Each structure stands twice: as C-alpha cells, then as structure tokens.
Amino acid sequence: MTEFPITDDDGLVQCTCETDELFRLLTDASRRRAIALLENLEDNWIRVDEMAQRLSRTREDETVTDWERDLHHIHLPMLEDTGLIDYDRQGRVVRYYHSETVGEILSVLDSGDSHT
C-alpha cells in the first residue's frame, strides 16, 4: 500500500503513514474536525483544553468536557500511533506534524460536504 510522509516545520520527514491508516483515521467525523483544527493552526502546538474549547464551539450538543475526554482517550492516541502528532499526556499538549496528503484529503472531503 502507498505511504505518505509526515514532516516537521523544517520539512524533515518524521515518519511515514500508510494510506489505509489515514483513511481509518478520517472515517470518524469528530476526528476529521480535530485534524482540520490542527491543520489550520498558525503554530504547530496546542493545549488539549484549548483544542476542546475550540471544537465544542461548533456544535451545541458537544461540551468541552466531552471533547477533552474523547481527545485524551480516543482521538489523540490514534493520531499519535500514526505519527501525525506527539501527545504529551502529562503536559496535555499536542504537537502536530503537517502532511500535504492529509490537507488535500480534508479539502476534498470539505468540498463534498458543502454540496450536501
């Protein structure tokens, strides 16, 4: 299967991720929203509580507490397993490694969502 690079700010390849793994990550709508938030960060670091606050603002039925729990127990560990992030559980900080492929797929998915 095809692999794609995950790079740091200097353009150095941190690791590679298989396409199947990426698609598995992107099957969940909440995780896509979390990844999109990370993709759009000005800096590549964010605190988990700030991430949860930003994500909970977009829908009334989601609370900051719900997002913090799901990020900590589900989404961030999965993203870390594929190499897209480093997650400091004690400091509750996430460092995101950009991937052109992820950004391109999210753009395609977003354009498809706007037609529904």
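The values are calculated or read from the model by the stated rules, or taken from the named source; none is laboratory data. Everything numeric in this text was worked out from a predicted model, so none of it was measured. Virtual Cβ from ideal backbone geometry, glycine too; neighbours counted across all protein chains shown. With ligands, DNA and RNA removed, areas are computed over all heavy atoms of the protein, side chains included. Shrake-Rupley method; radii C 1.70, N 1.55, O 1.52, S 1.80 Å.
Dividing the alpha-carbon Rg of the chain by 2.2 N^0.38 Å yields what? Intermediate values should be presented prior to the final figure.
Numbers: Rg = 13.8 Å, N = 116, 2.2 N^0.38 = 13.4 Å.
Cα Rg divided by the expected 2.2 N^0.38 Å: 1.03.
Which of the listed residues, THR101, TYR87, SER56, is farthest toward the dipole's positive end in the stretch 56-106, when Lys, Arg count +1 and Asp, Glu count -1 at the beta-carbon?
Sorting the options by dipole projection puts first TYR87.
What does the net charge come to around MET78 if you take all other residues with beta carbon closer than 13 Å to its beta carbon, with K and R at +1 and D and E at -1? Can you show the working numbers first?
Numbers: positive: ARG24, ARG31, ARG32; negative: GLU21, ASP28, ASP70, GLU80, ASP81.
That works out to -2.
Remind me, relative contact order of the chain in percent, using alpha carbon pairs under 8 angstrom and six or more residues apart? Don't skip to the answer; put the middle values down first.
Working: 128 pairs, mean separation 33.0, N = 116.
Reported relative contact order: 28 percent.
Once you have the Cα-Cα distance between GLU80 and THR27, take 0.36 nm times their residue separation minus that, and quote the gain in nm to one decimal. Numbers along the way, then the final one.
Details: separation 53, 0.36 × 53 = 19.08 nm, distance 1.64 nm.
Full extension from GLU80 to THR27 adds 17.4 nm.
Quantify, in whole percent, the carbon and sulfur part of the accessible surface of the chain (1.4 Å probe; protein heavy atoms only).
On the way: 3150 of 6850 Å².
Of all accessible area on the chain, carbon and sulfur atoms account for 46 percent.
Can you tell me the dipole magnitude for the stretch 67-116 around its Cα centre, using point charges on the Cβ only (Lys, Arg +1; Asp, Glu -1), in Debye to the nearest 20?
Numbers: 4 positive and 10 negative charges, 48 e Å.
Dipole of the stretch 67-116, to the nearest 20 debye: 220 debye.
Stick to the Cα atoms of the stretch 53-116, pair each with every other, and give me the Kirkwood hydrodynamic radius in Å at one decimal.
Details: mean 1/r = 0.0740 Å⁻¹.
It is 13.5 Å.
From largest accessible area down, sort ASP49, ASP20; use a 1.4 Å probe on the protein chains. Working shown, then result.
Values: ASP49 60, ASP20 85 Å².
Reading off the accessible areas and sorting them downward yields ASP20, ASP49.
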